[in-house]
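The values are calculated or read from the model by the stated rules, or taken from the named source; none is laboratory data. None of the values given here were measured: they were computed from a predicted structure. Counting neighbours? That spans all protein chains shown, and the Cβs are built from the backbone with ideal geometry, glycine included. Accessible surface is based on the protein model in full, side chains and every heavy atom, while ligands, DNA and RNA are left aside. Shrake-Rupley method; radii C 1.70, N 1.55, O 1.52, S 1.80 Å.
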Amino acid sequence: MDERNLRNLLSVAIITLNEEERLPGCLASLSFADEVLVVDSGSTDRTREIAQSFGARVFVEPWMGFSMQKQMAVDRCSHDWVLILDADERVPEATAKTIRRVISRPDQGEVAAFSLKRKNLLHDKWIRHCGWWPDPVVRLVDRRKGEFDGRAVHERWITRGRVEHLDVHIEHLSFRNYSELVAKMERYSNIAANELFERGRRVHAFTPLFHGSWMFLRTYLLERGFLDGFDGFVISLMNAGGSFFKYAKLHELIRQKQGRNR
């Protein structure tokens, strides 16, 4: 295979933990890729077996946070162009065709990464507001020209070069029910509070209330969450709760540290 054809090859990088229900749909949408690589952090269900049954290369690594885990998956890919996905995401056929086209363009070397829209769903319904659409994300990357930012949560790919936006989307089965929404709020607020604590961030007693209130107003009114009906109201509450508890838990950590130092 000549050098140009090698540059047109595509890897897909996915991280997993107990994703036997959602992973098959993701992998079924990736037949257009030249390689699929899965880094699993210790699933106790059939996640790894399912990945292998689809022909994916599977590695098992202890959990090190979102940035480091995804960076490890990208680094282990065989090809320079990498599509970074989560197990609850799907690639529609039109998007797959666009991806193959853009990485085969004669000028593809001038672009360091491509962003795509993300179509987020709750209860299998497309959420068009609440900041959930068009939700552009940098996911198709030349791994030689960037890396993840190192954050434990809300990680971002930092690109060294030009990012081009593609007018296509990936589908994100964000949450199947409100319980999953609440569980993510709890998990992410824990991670974010600990990250802020390690960075030495200071807060006062009113900080959680201020941030929580502002997040609800922003999501429900400014981002027009009210147009998504009751789901929009619940999403706005969960966004507010996530912001409130991030800072409330940080305040708690600071108080605990002060108590130990007395």
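Based on DSSP, what percent of beta bridges with both residues in the chain are antiparallel, to the nearest 5?
Among the beta bridges of the chain, antiparallel pairing accounts for roughly 35 percent.
With only Lys, Arg, Asp and Glu charged, each at its Cβ (+1 for the first two, -1 for the last two), find how big the charge dipole of the range 208-262 is about the Cα centre; round to the nearest 20 debye.
It works out to roughly 560 debye.
How many angstrom lie between the Cα centre of the range 44-89 and the Cα centre of the range 143-166?
Rounded to whole Å, the Cα centres lie 17 Å apart.
Where does the chain land at 222 nm, in deg cm²/dmol rounded to the nearest 500, when only DSSP H runs of n ≥ 4 count, each adding -39500 (n - 2.57), divided by all residues?
About -12500 deg cm²/dmol.
Rounded to the nearest whole Å², what accessible area per residue is found for the chain with the 1.4 Å probe?
Here the residues of the chain average 51 Å² of exposed surface.
Would you list which lysines come within 22 Å of K70, measuring only between C-alpha atoms, while excluding same-chain residues fewer than 8 positions from it?
Those lysines meeting the cut-off are K117, K119, K145, K184.
Evaluate the range 205-259: find the radius of gyration of its Cα atoms, find its Kirkwood radius, and give the ratio Rg to Rh.
Answer for the range 205-259: 1.15.
Among F216, M72, P24, whose Cα sits farthest toward the positive end of the charge dipole of the chain (+1 at Cβ of Lys/Arg, -1 at Cβ of Asp/Glu, about the Cα centre)?
F216
What number in nm² do you get for the range 128-184 if you take the convex hull of its Cα atoms and divide its surface by four?
For the Cα atoms of the range 128-184, the hull's average projected area reads 5.3 nm².
Could you compute the FRET efficiency for E21 and W126, with r as their C-beta to C-beta distance and R0 at 22 Å, rounded to 0.05?
Taking R0 as 22 Å, the efficiency between E21 and W126 is 0.60.
Per residue, what volume in Å³ does the Cα convex hull of the range 103-247 take up?
Enclosed volume per residue, from the Cα hull, is 126 Å³.
Once Lys and Arg get +1 and Asp and Glu get -1 on their Cβ, which of S11, G259, W157 lies farthest toward the positive end of the dipole of the chain?
G259
For K246, list the aspartates and glutamates whose Cα falls under 14 Å from its own Cα; do not include residues on the same chain fewer than 8 positions away.
Cross-link targets: E186, E195, E198.
Could you work out the mean projected area of the convex hull around the alpha carbons of the range 1-79, in square nanometres to one decimal?
5.3 nm²
Taking just the C-alpha trace of the range 45-91, give me its Rg and Dmax in Å.
Computed over the Cα atoms of the range 45-91, radius of gyration and Dmax are 11.4, 31 Å.
Using unit Cβ charges (K, R positive; D, E negative) and no other charged atoms, how large, in debye to the nearest 20, is the dipole of the chain about its Cα centre?
Once rounded to the nearest 20, the dipole reads 1040 debye.
Could you check how much of the accessible area of the range 178-262 is carbon and sulfur, as a whole percent, using a 1.4 Å probe?
59 percent
Note down the nm distance, to one decimal, between modelled labels 7 Å out along Cα→Cβ at F226 and at R162.
About 4.3 nm, to one decimal.
Tell me the relative contact order for the range 155-262 as a rounded percent, counting alpha carbon contacts under 8 Å between residues six or more apart.
35 percent.
Order D135, D107 by their accessible area, 1.4 angstrom probe, all chains in place, largest first.
From most exposed to least exposed: D107, D135.
Find, to one decimal place in angstroms, the Kirkwood hydrodynamic radius of the chain, where the mean of 1/r is taken over every pair of different Cα atoms and then inverted.
About 19.9 Å for the chain.
Scanning the chain for chymotrypsin sites (Phe, Trp or Tyr not before Pro) in DSSP loops with at most 13 other Cβ atoms within 10 Å, what's the longest stretch left with none?
Free of exposed loop sites, the longest segment is 64-205.
Taking θ as phi - 60°, what are the ³J(HN,Hα) couplings along the range 218-226 by the Karplus curve (6.51, -1.76, 1.60), each to the nearest whole Hz, with x for Gly and Pro?
Per residue, the Karplus-derived 3J(HN,Hα) values read 5, 6, 7, 9, 5, 9, 6, x, 4 Hz.
Give me the one-decimal nm value for the distance between modelled label points at F32 and R105, 7 Å along each residue's Cα-to-Cβ direction.
Between F32 and R105, the simple spin-label model gives 1.5 nm.
Between R76 and K97, what is the label-to-label distance in nm when each label sits 7 Å out along the Cα-to-Cβ direction?
Going from the R76 label point to the K97 one covers 3.4 nm.
If you rank I127, I191 by how much accessible surface each has, with a 1.4 Å probe, what is the order from largest down?
I191, I127
By what distance, in whole Å, do the Cα atoms of the range 14-132 stretch along each of the three principal axes, largest value first?
43, 36, 26
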